[in-house]
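Following: one structure in structure tokens, then a few remarks.
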Amino acid sequence: MLCQLRGTVDDSKLPGIPQGPMPFNLSWRASIRYYSTSLQGSKLFPVKELTTHDILLQSRFIYQPAAGLVHWLPLGLRTYRKLQAVIRKRMDQAGGLEMELSSLSSKNLWEKTKRWDNNELFKFKDSKYRDYCLVPTCEEEITNLIGDLCSSYKDLPLLTYQIARKYRDELRPRGGLLRGREFLMKDAYSFDLTKEDALRSFDNVNEAYRKIFEDLKLPVTVANADSGSIGGDLSLEYHLIHKSGEDVLFECNSCQTVSNVEKCQSLPEKGFKGAKEAECQYFINKDRNTLIIMYYPKGRTLTPRYIMDEIPDIDFSIDEEMALAMFKNESEESSSFLVKEIIRVIDPRVTSNTNMPDLKVLYHRNSMFTFTDIPIVEAVAGERCYECEKGTLSEHTAIEVGHTFYLDKKYSSPLDCTVVNEKNESTIVYMGCYGIGVSRLIAAIAQTGRDEVGLTWPQIIAPYQITLLSNKTSNEENLDVVAELLSSFDLQVDGRDGKFSMGHKLKQSKVAGIPLQIIVGKHFPLIEIEVRSPIQHSQELKDLYKRKTWDWEIQESPQTAGCSEKHLVHLTGLAQVVDLLLKCL
RNA sequence: GGUCUGAUGGUCUAGAGGUAUGAUUCUUUCUUAGGGAGGAAGAGGUCCCGGGUUCGAUUCCCGGUCAGACCCCCA
């Protein structure tokens with residue numbers, strides 16, 4: 001793939017450089033085109049004012065044919081594949097077995113897990129009017145598959161994964177890759193005989209995730225999370241902190257616990273005397289014999305599910321009016337007042353100093369129970385951590401890029417995924433599921449890594465590691481010599497001539513976030529290397545510098561946009577220096 | 001599903017009741033030659049779709065479609 005961008009439009013003048021197959025059968029000319037037309041109109045829209053999504057579009061990583069859909073272009077596809085390779089490597093090391101399930105799934109499994117009635121599911125009918133969906137995730141299919149194929153405890157523990165496209169009928173897709181209707185996700189599923197084993201599998205995958213983000217050199221934040229519609233009771237989210245993020249996290253400055261706002265209880269600040277005024281909301285339990293009244297400070301967001309541990313049979317599907325009607329109705333029918341109960345849940349911010357609203361039901365003192373120590377509203381920054389009760393919470397916005405769930409038997413039970421144990425007894429397996437949004441991760445990395453000049457990728461997923469380019473006057477043979485010298489590297493050779501100036505080619509490479517620009521120009525046989533983002537010199541590099549027997553100058557912090565340092569190296573040492581520089585990234 | 005905004009050459013845009021401005025891009029060509037080069041000539045538009053008002057609508061009105069932002073939702 002050396003000469004993908006090499007040469008002029010005139011095929012007859014192509015130099016004798018090996019030509020690899022073009023991705024997607026794009027013609028030679030199309031390849032030149034995607035490069036040369038990038039950032040059109042950049043004078044009108046300087047890169048630093050563009051959104052990251054626009055940079056991805058204009059530097060031809062992706063093409064957006066319609067809202068929520070993405071075509072991957074040659075440059076973007078390289079990053080897309082490299083990121084998959086990183087994930088694949090770590091999942092394999094964790095013992096994962098890669099598979100690939102169909103993107104289509106028939107209705108019956110989804111009915112068993114009660115997830116068919118979801119308007120984000122892409123549903124359609126075939127010519128025989130049978131219902132299908134495009135998979136938004138694969139718990140149903142994989143659980144069914146494993147239940148069918150695995151029958152003995154000897155098959156466990158089992159970890160399967162796939163990197164495949166997923167579909168969600170988002171009402172309003174947004175932010176391009178961040179929230180598309182079709183996206184790439186790595187989804188993994190673990191199957192274990194016992195809960196202990198399942199929790200070990202959960203830890204195992206989380207460890208693999210840690211390594212993946214370490215490979216990418218990303219400062220990922222792990223947060224306790226609500227498990228949402230997936231269910232289960234243990235769930236971790238992986239986030240990149242960024243101001244554009246849609247998730248809100250709270251971090252405790254004492255115990256360091258990070259939690260998603262959806263799963264973050266908080267205590268009032270020290271010395272808080274109580275809210276001025278309270279509001280309340282009524283709920284009823286599933287047996288319809290207990291009314292639950294939640295009191296919380298006026299103006300705060302009530303989070304009723306925080307009481308789930310204490311009142312597991314609370315029924316959130318019944319609204320306030322219905323709950324009150326049911327309770328009153330039951331009261332009349334039932335002659336015994338004693339079987340009726342009222343539970344008051346009073347948020348800790350509501351105290352004796354607080355104005356309480358009037359009760360809407362008659363009650364009997366003996367049948368009333370009160371919680372006063374369970375926080376039931378969304379946390380806000382500045383309040384005290386509920387975990388350690390010492391630290392103060394601070395707020396961050398973040399982009400969620402990964403999520404792990406311990407599922408217990410949530411899916412294995414309705415889908416009857418069982419194995420026999422040593423005693424030949426049938427037992428339901430324990431599951432976990434684990435996702436990384438691959439396409440979203442690319443967008444998140446682009447977003448968090450970009451600067452005024454353009455994108456900056458972690459070296460391991462940059463579309464190319466190096467752009468090798470010529471200036472307008474250097475002769476082609478010199479470029480060939482250097483290309484040959486560096487042929488073992490992941491190299492993009494931009495030998496376009498004519499109207500493409502050196503500055504033009506440099507800018508394009510830097511906008512695209514290629515880590516190194518190497519210029520074959522007027523100093524030949526000295527070669528210029530520009531480093532896109534700041535790096536730490538390794539000891540190895542410093543040693544080589546001391547031992548060098550050929551020309552090598554380093555210019556720290558040059559006054560060039562998108563360039564942290566420049567090297568002027570003689571051909572003789574070029575490959576060694578490039579190799580060590582890449583290792584510093 | 002709600003609220004708002006928008007739709008004009010491939011891309012971005014100006015504009016006004018009388019078929020359209022500028023830039024960019026693309027083609028040919030000359031010059032230039034180290035930080036997104038400059039000139040010359042050329043190419044490229046049923047002004048989103050349907051209806052209404054009008055002598056005449058791309059422009060005004062109504063409806064639709066699509067796109068974007070904010071809600072809502074959300075493994």
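If you average the C-alpha positions of region A:395-415 and of region A:143-199 separately, how far apart do those two centres end up, in angstrom?
Centre-to-centre (Cα) distance: 10 Å.
When the C-alpha atoms of chain A are aligned to their principal axes, what extent does each axis show, in angstrom, from largest down?
100, 60, 46
7 Å from Cα along Cα→Cβ at both residue A:124 and residue A:313: what's the point-to-point distance in nm?
Output for this residue pair reads 4.5 nm.
Under the Karplus relation 6.51 cos²θ - 1.76 cosθ + 1.60, θ = phi - 60°, what is the ordered set of whole-Hz ³J(HN,Hα) values for region A:235-240, x standing for Gly and Pro?
For region A:235-240, the Karplus-derived couplings read 7, 10, 10, 10, 10, 10 Hz, x marking Gly and Pro.
Taking neighbour counts of Cβ atoms within 10 Å as a proxy for exposure, in what order, fewest first, do A:309, A:197 appear?
Sorted ascending by nearby Cβ count, the order is A:309, A:197.
Take region A:75-140, drop everything but the C-alpha atoms, weight them equally and run the Debye formula without solvent; then report log10 I(q)/I(0) at 0.16 Å⁻¹ to two decimals.
Summing over Cα pairs of region A:75-140 leads to -0.73.
Compute the acute angle (0 to 90°) between the alpha-carbon long axis of helix A:74-93 and the principal axis of greatest extent of the alpha-carbon atoms of chain A; round to the nearest 10°.
Between the helix axis and the principal axis of chain A, the angle is about 60 degrees.
For residue A:472 and residue A:203, FRET efficiency with R0 = 60 Å and r from the beta-carbon atoms, rounded to 0.05?
Efficiency, from the Cβ-Cβ distance: 0.55.
Which ³J(HN,Hα) values in Hz, rounded to whole numbers, follow from the phi angles of region A:261-278 under the Karplus curve 6.51 cos²θ - 1.76 cosθ + 1.60, where θ = phi - 60° and Gly and Pro get x?
Result, rounded to whole Hz: 4, 5, 9, 10, 8, 9, 9, x, 4, 4, x, 5, 8, x, 5, 5, 9, 10.
About the Cα centre of chain A, how large is the charge dipole given +1 on each Lys and Arg Cβ and -1 on each Asp and Glu Cβ? Please answer in debye to the nearest 20.
Dipole about the Cα centre, nearest 20: 1900 debye.
Hey, fewest Cβ within 10 Å first, where do A:103, A:509, A:557 land in order?
Ascending Cβ contact count within 10 Å gives the list A:557, A:103, A:509.
Report the relative contact order of chain A, percent, no decimals, based on alpha-carbon pairs under 8 angstrom and at least 6 residues apart.
Dividing the mean separation by the residue count of chain A yields 16 percent.
Once you've got the Cα coordinates, tell me which of A:82/A:410; A:548/A:583; A:546/A:566 are over 26 Å apart.
Listed pairs above 26 Å: A:82/A:410.
Can you tell me the equivalent ellipsoid semi-axes for region A:466-584? Use √(5λ) from the Cα gyration tensor, largest first, whole Å.
Equivalent ellipsoid semi-axes, largest first: 22, 16, 12 Å.
Calculate I(q)/I(0) for region A:176-308 by the Debye formula, one identical point scatterer on each C-alpha and no solvent, and give its log10 at q = 0.20 Å⁻¹ to two decimals.
With one equal scatterer per Cα and no solvent, log10 I(q)/I(0) is -1.37.
So if I average 1/r over every pair of distinct C-alpha atoms in region A:266-378 and take the inverse, what Kirkwood radius in Å does that give?
Evaluated over region A:266-378, this radius sits at 14.5 Å.
Need the list of lysines near residue A:409 for cross-linking: C-alpha distance under 18 angstrom, and skip anything on the same chain fewer than eight residues off.
Once the sequence-local lysines are set aside, what remains near residue A:409 is A:112, A:114, A:195.
Towards the positive end of the charge dipole of chain A, with charges on Cβ (+1 Lys, Arg; -1 Asp, Glu), say which of A:414, A:264, A:91 has the farthest Cα.
Farthest along the dipole direction, towards plus: A:91.
Rounded to whole Hz and in sequence order, give me ³J(HN,Hα) for region A:113-121 from the Karplus expression 6.51 cos²θ - 1.76 cosθ + 1.60, θ = phi - 60°, writing x for Gly and Pro.
After applying 6.51 cos²θ - 1.76 cosθ + 1.60, I find 9, 6, 10, 5, 7, 9, 6, 8, 6 Hz.
7 Å from Cα along Cα→Cβ at both residue A:54 and residue A:352: what's the point-to-point distance in nm?
6.0 nm
Bear in mind that the values in this text are calculations on the coordinates, not laboratory data. None of these values were measured; they are calculated from a predicted model. When we count neighbours, we look across all protein chains shown, and the Cβ atoms used for this are built from the backbone with ideal geometry, even at glycine.
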